[in-house]
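First the structure, in the form of structure tokens, and then the observations on it.
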Amino acid sequence: MRHAFGFLLGILLAPALVYGAAWGFVQAGQSFDGVGQEITDDTRIYGAFALLAAVGLVMGVIIVARWASPLVSLVPALALIGFSVYFLVDPGAVLDLPGKVPPAGDLDSGLRLLLGSGVYAMMGFALLAPTWAPRRWSGRRDDDDDGLPL
């Protein structure tokens, strides 16, 4: 049951991480002037940084949570790595995908930029690392474990 729940949670987390990172990236980029070296929209950049921090926090919890099924991190990892490999094989086809999936607009450019820059590959490999820990697959607790997640 733990792995079934982990699989479903992984399916839900994959688009949340992808779209959250892309939207935060775009909003942060639109809220400052790199030439003038000033922030042009305080509210937008604080919201964008908060969203990026939330994406990082969720990834961190997924990576270090010993109680979580490894499928929670494996499903988004395979999706992110798969799209990155697809980008390397056929960049034109994969860069056309964001325009076919709603919502359109600025989010499309964020998805394309993060994919093309390798950020999604980096996120995917970071999420792939905890799936190799045998403890995450077994579900058994050690004798000295008090039952509380660390």
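The values are calculated or read from the model by the stated rules, or taken from the named source; none is laboratory data. For clarity, every value in this text was computed on a predicted model and none was experimentally measured. Neighbour counts are summed over all protein chains in view; Cβ atoms, including those assigned to glycine, are modelled from backbone coordinates with ideal geometry. SASA here: full protein model, heavy atoms, side chains in, ligands and nucleic acids out. Shrake-Rupley method; radii C 1.70, N 1.55, O 1.52, S 1.80 Å.
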Legend entry - Net charge of Cβ neighbours under 14 Å - reference V18; Lys, Arg +1; Asp, Glu -1: 0
Legend entry - Length gained when the stretch F125-T40 is fully extended (0.36 nm per residue, less Cα-Cα span): 27.2 nm
Legend entry - Accessible area in square angstrom per residue, region 11-150, 1.4 angstrom probe: 58
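Residues with beta-carbon under 10 Å from that of A68, excluding A68: net charge, scoring Lys, Arg +1 and Asp, Glu -1? Working shown, then result.
Working: positive: R2, R66, R136; negative: none.
That works out to +3.
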Legend entry - Distant alpha-carbon pairs in the chain (separation over 18 angstrom), percent: 62
Legend entry - Sum of side-chain charges, Y120 neighbourhood, beta-carbon under 15 Å (Lys, Arg +1; Asp, Glu -1): 0
Inset, instruction - Among V55, V89, V35, determine the one that fluctuates most according to a GNM of the chain built with springs between C-alpha atoms less than 10 Å apart. - result: V35
Inset, instruction - Quickly estimate the mean residue ellipticity at 222 nm for the chain, helices only: each DSSP H run with n ≥ 4 gives -39500 (n - 2.57), and the total goes over all residues, rounded to 500. - result: -23500 deg cm²/dmol
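Leaving out ligands, DNA and RNA, and with a 1.4 Å probe, what % of the accessible surface on the chain is carbon or sulfur? Intermediate results must be reported in sequence, preceding the final value.
On the way: 6270 of 8950 Å².
Accessible surface attributable to carbon and sulfur in the chain totals 70 percent.
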Legend entry - Size-normalised alpha-carbon gyration radius of region 4-78, reference 2.2 N^0.38 Å: 1.35
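Once you have the Cα-Cα distance between A93 and A65, take 0.36 nm times their residue separation minus that, and quote the gain in nm to one decimal. Write down the numbers at each step before the final one.
Details: separation 28, 0.36 × 28 = 10.08 nm, distance 3.56 nm.
Stretched out fully, the A93 to A65 stretch lengthens by 6.5 nm.
So for each of 39-45, 4-10, 65-71 I average, over its residues, the number of other beta carbons within 10 Å; can you give me the resulting order with the highest mean first? Mind showing how you got there, number by number?
On the way: 39-45: 12.6, 4-10: 16.1, 65-71: 18.1.
Going by the mean number of other Cβ atoms within 10 Å, highest first, we get 65-71, 4-10, 39-45.
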